[in-house]
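The values are calculated or read from the model by the stated rules, or taken from the named source; none is laboratory data. Just so you know, these numbers come straight off a predicted model, no measurement behind them. Cβ placement follows ideal geometry from the backbone for every residue including glycine, while neighbour counts extend to all protein chains displayed. Each accessible area value is taken on the protein alone, full model and side chains, heavy atoms only, with ligands, DNA and RNA left out. Shrake-Rupley method; radii C 1.70, N 1.55, O 1.52, S 1.80 Å.
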Amino acid sequence: MSRLGSMGARLYRGEVGYDFVGKRMLWYGVSILITITAIAGLMVQGLNMGIEFKGGVVVTTPKLSVSTEEARGTAEEISGHIPIVQELGSGGLRIQISDVTTAESAKIKSELSSELGVAKNDLNVDVVGPSWGEQIANKAWMGLGVFMVLVVVYLAIAFEWRMAVAALIALIHDLTITVGIYALVGFEVTPGTVIGLLTILGYSLYDTVVVFDGLKEASRDITKQTRWTYSEIANRSLNSTLVRSINTTVVALLPVAGLLFIGGGVLGAGMLNDISLSLFVGLAAGAYSSIFIATPLVADLKERDPQMKALKKRVLAKRAQAAQKGESADAAAPEAAEPQDDEPQDAAPAGAVVGQRRQPTRGRGKRR
């Protein structure tokens, strides 16, 4: 078994673990700092909206002997705007100029034809109006709103309202960070970016639901025992799915990283950047939020419940009682607490994951 697989098995069995929930204030602080940085970048830099949202003209040329730098200088001088020039596989150029009207596009076509030495009929000109991008943005916002409402309703029914609130906060956290990174990096926002943003919401939610499902099973009949508090059960459940979350995230990030760094960076296919950056940042943020934000938030909200407060008092009282009797640390641990009358006698042993089924002990006779 590989080292990671061995570690995953030990995490699942509860033999090792990290106190994610116990250190939640640290993660909250880190998340708040990242979110503030993203919002500041968004307010200062702003988003570099693509031509689909601002309107403009796209001119495609046949194969030319002119370099992209020369074409960029020529287009900027003619239009008065900073153009985006990309070399096509056929040897031609794609010249994109934003914030120009239909009348201005005709003038730009004529002057580009003259300056680049290309016949007008050989230039393919597409004029994009800003209303089209506005319609896309409005529908995207509408789809996002419907998605958020359905997520909250589903999680409230399938789990509980606290998990729905935590998942919603985690999704907003992921969106804010991704949009802020776009502002800081300066990548162009296109319809592909919108698609990428909507895609990462589904992935982030999936990762969070997996953790919540394990937590729901682990915390069943929690008030019938005095071994663990809700936060301890949440932390054990999170550790048991940790390696699975890491593996899923890494496998998802690898092809996206190939698009972003190899396709967009090394090979120069800039059009891949708009969707690949949103996917890359969003997938990483989604994995982070499901581990460091969503589950600790659920534990925080759940610990405010009167039943959970009473349970915590009973757990701490039993541990204090065991410590006063001079019992060892293992005996005073929550796993060593005596079961209550209505608690199953074959509860999980020390080190086992809460909710994990205990294997029958060899040589034990049947109860009479």
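Below are the figures for this structure:
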| quantity | calculated |
| --- | --- |
| C-alpha center-to-center spacing [the stretch 76-127, the stretch 180-249] in angstrom | 46 |
| Estimated inter-spin distance, Y154 and S65, nm [label 7 Å along Cα→Cβ] | 5.9 |
| Share of carbon and sulfur in the accessible heavy-atom surface of the stretch 44-201 [1.4 Å probe, %] | 59 |
| Unsatisfied cross-links (Cα-Cα over 18 Å) in the set K63/K109; K63/K107; K224/K313; K54/K120 | K63/K107; K54/K120 |
| Per residue, in Å², the accessible surface of the stretch 170-310 once ligands and nucleic acids are set aside, probe 1.4 Å | 37 |
